[in-house]
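Here's the structure, in structure tokens; my notes come after.
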């Protein structure tokens, strides 16, 4: 109970009102629509963000203001061709630039391509560019963190690929918003020991989530569930 009381305090401290301009208005595709858009694609793809966590937990706990589909950076041209009937914009450093096939570089923070169905339409999908090779997923913010693809991208009971929950939480931990704290609170009891251990090692020492992860590991160990 102490864990969740502390999480509630963290969430409350981040519960700030934000103003979204018309330019950034979203009406995201439902999950099934996003899956249909990429089903059968000749490149690797996966569901990310809060939807990935809910696929792992097999339940939903909040509404989603967007939807993320991850791909490898080198597959952006193939993904753009698949979405050729839509409008694609690179979202980087607070700016939106039309995507016309140009290379997108991680050092330039060109990691997100927003999709809308028409020139004046709302945004429907965030295409997130990840790193990896033929064998391993690579964490963009720290390339020493790597994982075999079959353990980095899991599949739901219905066969939908999604980013493993500990990796998704690691992404969310960088600059956590209130919704990220909610996702972490919901997922903490769902994580197995090795997922918790990964986060315990990967999170910075002063990160508020890390103490909760270590407390959870201690609770499992004391019950002989480690």
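Restricting attention to segment 155-197 and to residues that are in contact with a strand residue (DSSP E or B) (Cβ under 6 Å, 6 or more places away or on another chain) and not in a loop (DSSP other than H, G, I, E, B), the residue that is surrounded by the most Cβ atoms within 10 Å (Cβ to Cβ) turns out to be 163. Annotation for segment 169-186: no member residue is over 18 Å from residue 64 (Cβ atoms) and in contact (Cβ under 8 Å) with a residue 40 or more places away in the chain.
What do you reckon, is residue 57 over 19 Å from the mean Cα position of the chain (by Cα) and surrounded by fewer than 20 Cβ atoms within 10 Å (Cβ to Cβ)? So residue 57 fails the test. Tallying residues that are crowded, with 17+ Cβ neighbours inside 10 Å and out of contact with any strand residue (DSSP E or B) (no Cβ under 7 Å at 6 or more places or on another chain) within segment 32-50 yields 3.
When the strands (runs of 3 or more DSSP E) confined to segment 37-123 are screened for residues that are under 29 Å from residue 151 (Cα atoms) and in contact (Cβ under 8 Å) with a residue 40 or more places away in the chain, those reaching at least 3 such residues are found at 45-48, 68-72. Screening residue 131 against (1) touching a residue at least 60 places away in the same chain (Cβ under 8 Å); (2) over 13 Å from the mean Cα position of the chain (by Cα) leaves a single unmet condition, (1).
Here residue 129 clears all of (1) outside any helix (DSSP H, G or I); (2) in contact with a strand residue (DSSP E or B) (Cβ under 6 Å, 6 or more places away or on another chain); (3) under 20 Å from residue 162 (Cα atoms) except the condition numbered (2). Residue 107 meets all of the listed conditions (1) under 23 Å from residue 40 (Cβ atoms); (2) at pLDDT below 95 but one, namely (1).
The values are calculated or read from the model by the stated rules, or taken from the named source; none is laboratory data. Owing to the predicted nature of the structure, the values given are computational and were not obtained by experimental measurement. Heads up, the Cβs are rebuilt from the backbone with ideal geometry, glycines too, and the neighbour counts pull from every protein chain shown.
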